[in-house]
Amino acid sequence: MPIIEWRDDFKTGDASVDHEHQELIELLNTLYDSMVEGPPADDTVRGLGEVFVRISAHFALEEREMREAKYADYPAHKDDHEDLLDQIRDIMDAYEVGVFGDQRDAFGDNLQNWFVNHFKTHDAKLHRVFGH
């Protein structure tokens, strides 16, 4: 069962950004479905690393666009990006040292809440301002 389902209200109006967001959601859903409790699985650790790298790259491009446009809400938007990256790093660290507990649930809940809120607030506003 996916933790995040693509919805029309996530659309930014920019087809390439929407496609990239859909790919990120698919990657997160695939990783979430493969996560199981127990000893760290190499696939899970690699999957978390791939999620981190892909999201970091997406954020870097988005942040560059905001800086170049002198986007007024850049600091708050960037802070929201950093919050998600910190959450993913914390989960990666927990997996790598063998701490599990409810990490799968925490991973799913945090990402679901963050992405839904970020898409509907920060990204929607950003893309309205840029006219995408």
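Annotations for the structure displayed:
- Residue exposure proxy: 42, 14, ordered by other Cβ atoms within 10 angstrom of their Cβ from fewest to most, comes out as 42, 14.
- Structure-based [θ]222 nm, the chain - -39500 (n - 2.57) summed over DSSP H runs of at least 4, per residue, nearest 500: -24500 deg cm²/dmol
- Residues 34, 16 in ascending order of nearby Cβ atoms (within 10 Å, fewest first): 16, 34.
- Percent RCO, i.e. relative contact order, over the chain, from Cα pairs under 8 Å lying at least 6 residues apart: 38 percent
- Computed from Cα atoms, the angle from the helix 15-34 axis to the main principal axis of the chain rounds to 10 degrees.
- Order of 12, 30, 44 - criterion: other Cβ atoms within 10 Å of each residue's Cβ, fewest first: 30, 12, 44
- Of the GluC sites (Glu not before Pro) found in the stretch 1-98, those that fall in a DSSP loop while having at most 14 other beta-carbon atoms within 10 Å are 5, 37.
- About its Cα centre, the dipole of the chain is roughly 460 debye, where the only charges are +1 on Lys and Arg Cβ and -1 on Asp and Glu Cβ.
- Axis angle, to the nearest 10 degrees, between helix 74-97 and the longest C-alpha principal axis of the chain: 10 degrees.
- Unit Cα scatterers, Debye sum, the stretch 13-130: log10 I(q)/I(0) for q = 0.20 Å⁻¹: -1.09
- Nearest-ten-degree value, helix 103-118 long axis tilted from longest Cα axis of the chain: 10 degrees
- For the chain, a Gaussian network of Cα nodes joined below 10 Å ranks 51, 17, 97 by mean-square fluctuation, and the top entry is 97.
Each value in this text was obtained by applying a stated rule to the coordinates, not by laboratory testing. Because the structure is predicted, anything quoted here is derived from the model rather than measured. Quick reminder, even Gly has a Cβ in these numbers, built from the backbone with ideal geometry, and neighbours come from all protein chains shown.
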